[in-house]
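Q: Got a structure here, written out as structure tokens. Questions coming.
The values are calculated or read from the model by the stated rules, or taken from the named source; none is laboratory data. Model, not experiment: these values are computed from the prediction. Glycine gets a Cβ as well: all are built from the backbone with ideal geometry, and neighbour counts include every protein chain shown. Areas reflect the complete protein model, heavy atoms only, side chains present, ligands, DNA and RNA absent. Shrake-Rupley method; radii C 1.70, N 1.55, O 1.52, S 1.80 Å.
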Amino acid sequence: MLNKALRKKDIHLIFLFRQIISDIRQQLENIPLKESVTEYRGQLMLMEERQSLQRSVGCLISVNSFLSTSRQEEKASKYFQ
């Protein structure tokens, strides 16, 4: 339900989830990042979206939801087969 609220930019639901969002943010800030990591995500998308992401390699990207990712490419590819 939180992902849906973020995707749809439903300010009422986002407000209701504000404590959870704050807790997640705090937990992410406390994870030490010593080196860059490669994460994989399996998702169907439009060709324009794919091209936009390809142009953004090496850049910071922002999404309006939480992502389920894996460090294993094979595991991520199972989501769109």
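Q: Using +1 at the C-beta of Lys and Arg and -1 at the C-beta of Asp and Glu, which of Ser22, Val57, Tyr40 has the Cα lying farthest in the positive direction of the dipole of the chain?
A: In the chain, that residue is Ser22.
Q: To the nearest µm²/s, what D does Stokes-Einstein give for segment 30-71 at 25 °C and 0.890 mPa s, using the Kirkwood radius over alpha carbon pairs as Rh?
A: For these conditions, the coefficient is 198 µm²/s.
Q: Continuing with the same structure: Between Tyr40 and residues 5 or more places away or on another chain, which pairs have amide H atoms under 5 Å apart, with H built 1.01 Å from N, and which residues are they?
A: Ser70, Arg71, Gln72
Q: Moving to a separate point now. If the only charges are +1 at each Lys and Arg Cβ and -1 at each Asp and Glu Cβ, what is the size of the charge dipole of segment 29-71 around the Cα centre, to the nearest 20 debye?
A: On the way: 5 positive and 5 negative charges, 23 e Å.
Charge dipole, segment 29-71, about its Cα centre: 100 debye, nearest 20.
Q: Here's a follow-up. Are there trypsin sites (Lys or Arg not before Pro) in segment 21-81 that DSSP marks as loop and that have at most 10 other Cβ atoms within 10 Å, and which are they? If you can, show how the numbers build up before the last one.
A: Numbers: sites: Arg25, Lys34, Arg41, Arg50, Arg55, Arg71, Lys75, Lys78; in loops: Lys34, Arg41, Arg71.
Filter output for segment 21-81: Lys34, Arg71.
Q: Cβ under 11 Å from Asn64's Cβ, Asn64 left aside: what net charge do those residues give with Lys, Arg +1 and Asp, Glu -1? Kindly include the intermediate steps, with their values, before the conclusion.
A: Working: positive: Lys4, Arg7, Lys8, Lys9; negative: Asp10.
Result for the local shell: +3.
Q: Roughly how much of Glu29 is accessible, in Å² to the nearest 10, using a 1.4 Å probe?
A: For Glu29, the solvent-accessible surface is approximately 110 Å².
Q: If you line up the long axis of helix 18-29 against the longest principal axis of the chain, both from Cα atoms, how many degrees apart are they, to the nearest 10?
A: For helix 18-29, the angle is close to 50 degrees.
Q: So what is the 222 nm mean residue ellipticity for the chain from helices alone, if each DSSP H run of at least 4 adds -39500 (n - 2.57) and you divide by all residues, rounding to the nearest 500 deg cm²/dmol?
A: Working: 5 runs with 39 residues, N = 81.
My calculation for the chain gives -13000 deg cm²/dmol from helical runs alone.
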